[in-house]
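The values are calculated or read from the model by the stated rules, or taken from the named source; none is laboratory data. Small disclaimer: the values here were computed from a predicted structure and weren't measured. Here Cβ is always computed from backbone atoms with ideal geometry, including for glycine, and neighbour counts include all displayed protein chains. The area values use the complete protein model at the heavy-atom level, side chains included, leaving out ligands, DNA and RNA. Shrake-Rupley method; radii C 1.70, N 1.55, O 1.52, S 1.80 Å.
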Amino acid sequence: MRMISMELPFKFRFGGAMRFAAERSVPVFSFSLLLLAGADVSACAARAQATNAGASATTASSTSSSTGETNRRLLAAHNMARASAGVPPLTWSSLLADDAGRWAAHLASTGGFDHDDAGTERKHQGENLWKGTRGAYTLEQMIGAWASEVSDYRVGIFPNVSKSGNWESVGHYTQLIWRNTTHVGCAIATTADDQVLVCRYSPPGNYDGERP
């Protein structure tokens, strides 16, 4: 595993996706190093710069709690990606959002950027992470960073779902569109410089031997 970061006018990162064993027990692989999910750094930089050229900044919340409008937009962004994939929409879960909020606050306070392996395993949840410059990205762009992995996605049985042969390059997207996932809850926490988005999913996706 390697750490990859980008030095851009506005930076963003998203953590490695989670993968589960076929028997639906514990994650067999969940890396916490910062990487761009196997994407080419120069290509991601170009896409991010192009995106930011026309991006409108959002007002950052000072806590890990999300407003009703924020929740609606995050859910709508998820369901737009799911509609494009031909899978049913998700329902918002305040319980998942509360769990996401606690982990987002932890990441913001510690400066860490890794999955809550113990918490997601205990509560049987999936998790996607995103981090970027405070106020530089819309909520739709945050979810869009995961949805953009569709460019490397191919229909298949997980983990054989990537054109490049590397499931990590599409792992956030497959969780986003996982057919058996029915609920999502997200929260955003802020630091002086950054925003951290955590989304939790139930039932979790990315199971070996299953089709997204």
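Details
Conditions tested, residue by residue: (1) modelled with pLDDT under 95; (2) in a helix (DSSP H, G or I); (3) under 20 Å from residue 177 (Cα atoms).
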| residue | (1), (2), (3) |
| --- | --- |
| 49 | yes, yes, no |
| 63 | yes, no, no |
| 73 | no, yes, yes |
| 79 | no, yes, yes |
| 87 | no, no, yes |
| 99 | no, yes, no |
| 106 | no, yes, no |
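- Within the range 169-194, tally of residues that are in a loop (DSSP other than H, G, I, E, B) and open to solvent by 10 Å² or more (accessible area, probe 1.4 Å): 6
- The set of residues in the range 115-168 being of a type in the set (Gly, Ala, Ser), surrounded by 20 or more Cβ atoms within 10 Å (Cβ to Cβ) and farther than 25 Å from residue 96 by Cα consists of 136, 162.
- With respect to the conditions (1) under 17 Å from residue 172 (Cα atoms); (2) of a type outside the set (Ser, Thr, Tyr); (3) open to solvent by less than 30 Å² (accessible area, probe 1.4 Å), residue 76 lacks only one, and its number is (3).
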